[in-house]
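For reference, the structure discussed in these notes is given below.
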Amino acid sequence: MRTGLAPDGGLYMPVEIPKLEPIFWSSLHKLDFTEIALEMARPYLSDELPVEVLKKVVVDAFNFPVKLHSLTEKHHILELYHGPTLAFKDFGARFMARLFSEIAHKEQREVTILVATSGDTGSAVAHGFYKVPGVKVCLLYPKGKVSRLQEMQMATLGENVTALEVDGVFDDCQRLVKQAFVDEELNKKLQLSSANSINIARLLPQSFYYAFVLGEFQKMGMDAPVFSVPSGNFGNLTGGLLAMKMGMPVHTFLAATNVNDVVPGYLKGGTYTPKDSVQTLSNAMDVGNPSNFVRIKALFGGSDASIRSHIKGYSYTDEETLDEIRTVKKQQNYLLCPHTAIGVRAAKEYAISQLGGVPLVTLATAHPVKFRDVIEPETGQKIDIPERLAVWLKREKQSISIGNSFEEFKGFLIES
Ligand SMILES: *Cc1c(COP(=O)(O)O)cnc(C)c1O
């Protein structure tokens with residue numbers, strides 16, 4: 001199996017998904033998170049890296065807790081937001097960064113990663129690669145178009161992470177990065193790579209926590225649950241499908257979106273029709289043409305019927321999102337970010353359609369504090385900023401301002 005770096009710096013996606021033995025899936029309760037991660041990563045990466053190195057990668061990457069919180073006896077919340085940027089994207093970014101560093105080290109080359117970002121992905125990638133040897137990161141973000149918190153998470157790091165504040169919009173940032181990849185002179189001088197294309201390295205870690213949940217359920221004597229996944233580009237859900245293709249027993253997946261409902265529309269029997277995205281409160285899910293849809297299709301061999309039998313689609317408005325945040329605060333005294341609230345609502349709606357009560361797990365994709373402007377007025381509860389976030393807010397912004405011409409960007413890359 002070829003798993004090395006593709007010409008654009010990405011890691012190849014295997015044609016055939018490796019299956020793990022049934023004994024692995026029935027013994028998950030005996031393993032901790034990093035042990036599960038290592039076993040699931042091995043079939044993809046053991047040709048590339050020795051197992052001791054792979055073990056170091058998972059132990060360093062997942063150095064924060066994954067918690068399962070019981071909302072009710074039948075409905076659990078998988079808190080994926082205890083990493084450095086308080087969102088589930090830390091799983092993909094931290095694993096990818098360490099894997100990338102090890103492969104760059106093995107191939108004896110220093111790599112410069114270029115990332116155009118409109119916010120959340122950039123901060124996760126920046127933190128993921130922070131102080132990771134052999135890799136330099138250059139982030140481009142549009143001036144005045146990201147939230148203060150996002151900017152402080154990207155632009156205060158320093159060390160091997162440079163943040164460029166571009167006088168323009170997100171599309172300008174993306175254009176500059178794309179142009180850099182095809183510039184001959186630049187590619188002679190630097191080994192450039194993109195963080196967006198390292199597919200399997202970002203997706204794979206998003207399959208580990210589904211297996212972790214199954215292990216926790218085995219400890220409680222419960223069967224495989226229904227997973228409700230708040231979705232935008234559908235990378236998180238694709239991680240679950242990957243685990244299923246690796247042999248994990250599953251019940252059903254729920255694809256929960258805001259009014260950007262292209263995929264739920266398709267799952268309910270319509271054709272897949274990309275649309276322009278609409279802005280909502282759950283803004284990390286404002287996606288009109290999810291990039292992972294083609295991958296989902298491929299995982300099911302192109303069969304619409306098979307996709308629809310495994311995944312049910314739900315979508316909700318901002319009003320319904322706020323209603324869910326208030327309801328759960330009132331009934332369970334638990335705070336949900338707007339994305340997670342959509343997942344919780346989908347799980348509840350699905351449960352009503354089922355007799356006998358199935359166990360449910362909703363993936364909590366961000367810490368509520370990241371959306372305190374929305375949540376505090378709705379619930380009347382003040383949310384304290386956790387110390388690991390507060391430290392960044394106290395630091396100095398170190399971004400470099402540039403215009404939006406390619407010549408200026410190129411000049412910067414060559415000099416730095
Ligand atoms: C990115 C993100 C999502 C959407 O995840 P996808 O993998 O793109 O479906 C949901 N919630 C939050 C908080 C996010 O940052």
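Working from Cα positions, state the angle (0 to 90°, nearest 10) between the long axis of helix 51-61 and the longest principal axis of the chain. Helix 51-61 sits at roughly 80 degrees to that axis. Axis angle, to the nearest 10 degrees, between helix 406-415 and the longest C-alpha principal axis of the chain: 80 degrees. For the range 218-331, the gyration tensor built on C-alpha atoms gives an oblate shape. Its axis ratio a/c (a ≥ b ≥ c) is at least 1.5, and a/b is not larger than b/c. Computed about the Cα centre, the dipole magnitude for the chain is approximately 560 debye when only Lys and Arg (+1) and Asp and Glu (-1) carry charge, each at its Cβ.
Pairs exceeding 30 Å between alpha-carbon atoms, taken from Lys67/Lys268; Lys56/Lys145; Lys89/Lys312; Lys131/Lys188; Lys131/Lys394: Lys67/Lys268; Lys56/Lys145.
Counting other Cβ atoms within 10 Å as a rough exposure proxy, the listed residues Asp120, Asp276 run Asp276, Asp120 from fewest neighbours to most.
Fewest neighbouring Cβ atoms within 10 Å first, the residues Tyr209, Tyr130, Tyr44 line up as Tyr130, Tyr44, Tyr209.
By the beta-carbon count within 10 Å of each Cβ, the least crowded to most crowded order of Lys89, Lys329, fewest first, is Lys329, Lys89. For the range 11-131, the square roots a ≥ b ≥ c of the C-alpha gyration tensor eigenvalues yield an a/c of 1.5 or more together with a/b not exceeding b/c, which makes the shape oblate.
Each helix, a run of at least 4 DSSP H residues, gives -39500 (n - 2.57); summed and divided by the residues of the chain, these come to -13500 deg cm²/dmol at 222 nm. Of the GluC sites (Glu not before Pro) found in the range 73-173, the ones in coil according to DSSP and having at most 16 other Cβ atoms within 10 Å of their Cβ are Glu73, Glu107, Glu110, Glu159. The Rg/Rh ratio for the chain, using Cα coordinates for both the radius of gyration and the Kirkwood hydrodynamic radius, is 0.95.
Against the main long axis of the alpha-carbon atoms of the chain, helix 318-332 sits at an angle near 60°.
Read-outs: derived from the displayed coordinates by stated rules, not from any lab. Just so you know, these numbers come straight off a predicted model, no measurement behind them. Virtual Cβ from ideal backbone geometry, glycine too; neighbours counted across all protein chains shown.
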